[in-house]
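Worksheet: the structure to be examined is printed underneath.
Read-outs throughout are calculated quantities, based only on the coordinates presented, and are distinct from any laboratory measurement. Computed from a predicted model, the values in this text were never measured in an experiment. As a convention, Cβ positions derive from the backbone with ideal geometry for all residues, glycine included, and neighbour counts pool all protein chains shown.
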DNA sequence: ACAAAAGTGTTAAGAATACACCCATGT
DNA sequence: ACATGGGTGTATTCTTAACACTTTTGT
């Protein structure tokens, strides 16, 4: 094994957030070739001695100015390894999905122009990043039906309409209001607060919060 | 990036089979240190220019004498990357789960003593391979409830008792016979043949087969 | 005739779906 | 008073879960 040369190892991070009601993904603009100026997931090299999560944290900070702790949830997705995915040579990429609330992206000169883009209207992307995003989106669609993971995308207190609209944005289909509420409340994941959200000329909406802001797997699944 | 050194990349393959009614996993015996003589998953280095699936195929053949094509199903599981998992240095391992029927393991001198071991009674294992097997088992438990993937573990023709027993071995719990049959048949994944399986002093059992021997995702899930 | 596994049906409880109107507020 | 989004209930269908006896065969 003395002549063994490993492929290059990279990480790529799909960070989802609900921006103006749309499921959106964080993209940077590549600073160098290949794909200079093209939008891409925040990603980069993984050196020996550093875990893939360490690499994700480092890259997220250096390219998008975001701390890993600003993500409420993160999980590993899949490792993309086709030999031709990087024109420079064989690069194997471990992908992650992160979820966050409305987040302030710093406007720093050192960063690679990080911005959120709605998933339903993505720009041209570098590498196989469309596939990675699509994989992440599929995973998220499943995950919100059998876990409480939406908490990671919502503010601490939210209305049931906001909650339903989060599901609708992710699943990209509309749901029946009465059935949604009945079912979600029967799962017992959220508690009603005594506060209301007032917003314009209509009845104020009761605010709810999740009992646990950590991953719970449901006994019966949703939708 | 000229000083960039990637971690070593390896693959590990969890091959499940039902042996004498027990969910079992293929293990080899390590030929060299570290963990010389200890049981381990068939795994090994992944060189640049080769996909992880290529590496899985190569390793499976060279260490266990099995061709990738003898597996009816294979999927990538997860990438294990804790820095301390290999005492020799940082090694990132992409793990796979393969499923096969009763298979003939060659008794070849060049091989690393490949054998199937029941999951409920595993020997001491090298590295973090217990964790990898446990991850694979969990994945398989989920997968059999929302897909037709058991086909990959069963012979072409099988009785409903065999099918139920496959579910019971994997899920490690017993199921109600009438409910199991009613539900499984209502899914429409299998067709009854006109043949029967005779086996001792009792009523012969009708043989069934799967309509499709490829992955199908069910609309409603099972169990 | 008996031992051993195959095969079969009903009832009750819970979950999913479809669907339309009144309520509280600001202007 | 009206426009806006918030909030609620019922009936039907489908799914799940619990449960025990008869059938076919070989010895």
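Explain nothing, just the number: relative contact order of region B:1-157, from Cα pairs under 8 Å at least 6 residues apart, as a whole percent.
On the way: 287 pairs, mean separation 48.2, N = 157.
That works out to 31 percent.
Quick check on the protein assembly as shown: of the DSSP beta bridges with both residues there, what percent are antiparallel, nearest 5%?
Of those bridges, close to 70 percent are antiparallel.
Between region A:154-209 and region B:11-27, what is the C-alpha centre distance in whole Å?
The distance from the Cα centre of region A:154-209 to that of region B:11-27 comes to 45 Å.
Ordered shortest first, which distances in nm separate the 7 Å Cα→C-beta label point of residue A:104 from those of the other copies?
7.0
Taking the Cα atoms only, what angle lies between the long axis of helix A:177-187 and the longest principal axis of chain A, rounded to 10 degrees?
Compared with the principal axis, the helix lies near 80 degrees.
When chain A is treated as a GNM, springs tying every alpha-carbon pair under 10 Å, which of A:181, A:39, A:101 comes out with the largest mean-square fluctuation?
With Cα springs under 10 Å in chain A, the top fluctuation among A:181, A:39, A:101 is at A:181.
Mind listing the label-point distances from residue A:217 to the same position on all other copies, shortest first, one decimal in nm, points 7 Å along Cα→Cβ?
Distances to the matching label points in the other copies: 1.8 nm.
Measuring nothing but label to label, 7 Å from Cα along Cα→Cβ, what are residue B:38's distances to the other copies in nm, shortest first?
Reported distances to equivalent positions: 4.4 nm.
Based on the Cβ-Cβ distance of residue B:197 and residue A:183, what FRET efficiency does E = 1/(1 + (r/R0)^6) give at R0 = 60 Å, to the nearest 0.05? Display every interim value, and only then the final one.
On the way: r = 44 Å, r/R0 = 0.73.
Approximately 0.85, to the nearest 0.05.
Looking only at other chains, what is the average number of their beta-carbon atoms within 10 angstrom of each beta-carbon in A:94-100? Please list the in-between numbers first.
Values: counts 5, 1, 0, 0, 0, 0, 0.
Averaged over the peptide's residues, the number is 1.
Considering only DSSP beta bridges with both partners in chain A, what is the antiparallel share in %, to the nearest 5? Mind dumping the intermediate values first?
Values: 28 of 39 bridges.
So the antiparallel bridges in chain A amount to around 70 percent.
Extension gain residue A:134-residue A:82, at 0.36 nm per residue separation less the Cα-Cα distance, in nm? Intermediate results must be reported in sequence, preceding the final value.
Working: separation 52, 0.36 × 52 = 18.72 nm, distance 1.65 nm.
Additional length available on full extension: 17.1 nm.
So if I take the centroid of the Cα atoms in region A:105-147 and the same for region A:34-92, what is the distance between those two points in Å?
12 Å
Expressed as a rounded percentage, what relative contact order does region B:1-89 have, with Cα pairs under 8 Å and six or more residues apart?
Values: 89 pairs, mean separation 19.9, N = 89.
The normalised contact order for region B:1-89 reaches 22 percent.
Can you bin region B:156-210 into rounded, prolate or oblate? Criterion: square roots of the alpha carbon gyration tensor eigenvalues sorted a ≥ b ≥ c, rounded for a/c under 1.5, prolate for a/b above b/c, oblate for the rest.
Note, shape of region B:156-210 comes out oblate.
Under 1.5 on a/c is rounded, so check that first for the protein assembly as shown, then, if it is not, pick prolate when a/b is larger than b/c and oblate when it is not; a ≥ b ≥ c are the square roots of the alpha carbon gyration tensor eigenvalues.
Working: a/c = 2.29, a/b = 1.20, b/c = 1.91.
Note, shape of the protein assembly as shown comes out oblate.
Can you tell which of B:24, B:165, B:134 shows the greatest fluctuation in a Gaussian network model of chain B with Cα springs below 10 Å?
Highest fluctuation among the options: B:134.
For a Förster distance of 56 Å, can you work out the FRET efficiency between the beta-carbons of residue A:211 and residue B:109, rounded to the nearest 0.05? Please report the intermediate quantities before stating the final value.
Values: r = 60 Å, r/R0 = 1.07.
For residue A:211 and residue B:109, the calculated efficiency is 0.40.
Expressed as an acute angle from 0 to 90° and rounded to the nearest 10, what is the orientation of the C-alpha long axis of helix A:129-146 relative to the principal long axis of chain A?
30 degrees
Where does helix A:160-171 land angle-wise versus the long Cα axis of chain A, in degrees 0 to 90, nearest 10?
For helix A:160-171, the angle is close to 40 degrees.
Kindly identify region B:8-145 as rounded, prolate or oblate by the Cα gyration tensor criterion: order the square roots of the eigenvalues as a ≥ b ≥ c, call it rounded if a/c is under 1.5, otherwise compare a/b with b/c, prolate if a/b is larger, else oblate.
On the way: a/c = 1.31, a/b = 1.20, b/c = 1.09.
The shape class here is rounded.
What percent do you get for the relative contact order of region A:37-94 when only Cα pairs under 8 Å and 6+ apart count?
Working: 44 pairs, mean separation 12.2, N = 58.
After rounding, I find 21 percent.
Residue B:69 to residue A:220: FRET efficiency via 1/(1 + (r/R0)^6), r the Cβ-Cβ distance, R0 56 Å, to the nearest 0.05? Provide the component values of the computation, followed by the final result.
Working: r = 39 Å, r/R0 = 0.70.
Once the sixth-power term is evaluated, E becomes 0.90.
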